[in-house]
Amino acid sequence: MNRIEMVREQVDKILLNVPDNFQRRCGYLHLYGVAQACTMLAMKRNENVELATIAGMLHDIYTYSKMDSTEHAHKGSILAREILSSLSAFSDEEIDLICGAIYHHSDKESSHSAFDEILIDADVLQHCLYNPLFKVAIHEKARFENIKRELGLK
Ligand SMILES: [Fe+2]
């Protein structure tokens, strides 16, 4: 089993335990959706595709594990570190890269390292592509416009 699937197995265990059907559906859509957006943006920007995909899978894991989004980026980076360490398949540097991106992902106003930016943009992209007929949230507008321009979309 490759490392992305190893992480997905752990994420699925957490998502399957989300008691509310609607929240569980949101969890699957959002974590898998952000992971795929991370894959695409990492390919486009020549960043580490595997680790970006994994950061996407884990980025809101605290929210879906505790059903509490308070400080979820910071708390989620700790939980993601526990999950990744338990798999004994990642180096300390790889875990630091993934968990650093998770730690910073709620801070959408400022810009971060190239790797961290992938997760922040992928989070915005999944929200905006979920239903293109919905209004884009004000705080995501500028990033969404930049991503569309980068991808050659209108
Ligand atoms: Fe998210």
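Return the residue satisfying two criteria in turn: it lies in region 128-140 and is open to solvent by 80 Å² or more (accessible area, probe 1.4 Å) and part of a helix (DSSP H, G or I), and of such residues it is nearest to Lys108 (Cα to Cα). Checking each candidate, the answer is His139.
Condition test on Ala52, is it at pLDDT 95 or above and either over 20 Å from Asn2 (Cβ atoms) or not charged (D, E, K, R) (or both)? Yes. Could you tell me whether region 50-61 includes any residue that is among the small types (Gly, Ala, Ser), within 11 Å of the ligand (Cβ to nearest atom) and more than 13 Å from the chain's Cα centre (by Cα)? No, every residue in region 50-61 fails to be among the small types (Gly, Ala, Ser), within 11 Å of the ligand (Cβ to nearest atom) and more than 13 Å from the chain's Cα centre (by Cα). Kindly evaluate Asp96 against the criterion of being more than 10 Å from the ligand (Cβ to nearest atom) and either modelled with pLDDT under 95 or in contact with a Pro (Cβ under 9 Å, 6 or more places away or on another chain) (or both). In short, no.
Among helices (runs of 4 or more DSSP H) entirely within region 1-108, having at least 2 residues that are open to solvent by less than 20 Å² (accessible area, probe 1.4 Å) singles out 3-16, 21-45, 49-58, 72-86, 92-104.
The values are calculated or read from the model by the stated rules, or taken from the named source; none is laboratory data. In this text the structure is predicted, and so the values were computed from the model without any measurement. All Cβ positions, even for glycine, are placed from backbone atoms using ideal geometry, and neighbour counts span all protein chains on display. Calculation scope for accessible area: heavy atoms of the full protein, side chains included, ligands and nucleic acids excluded. Shrake-Rupley method; radii C 1.70, N 1.55, O 1.52, S 1.80 Å.
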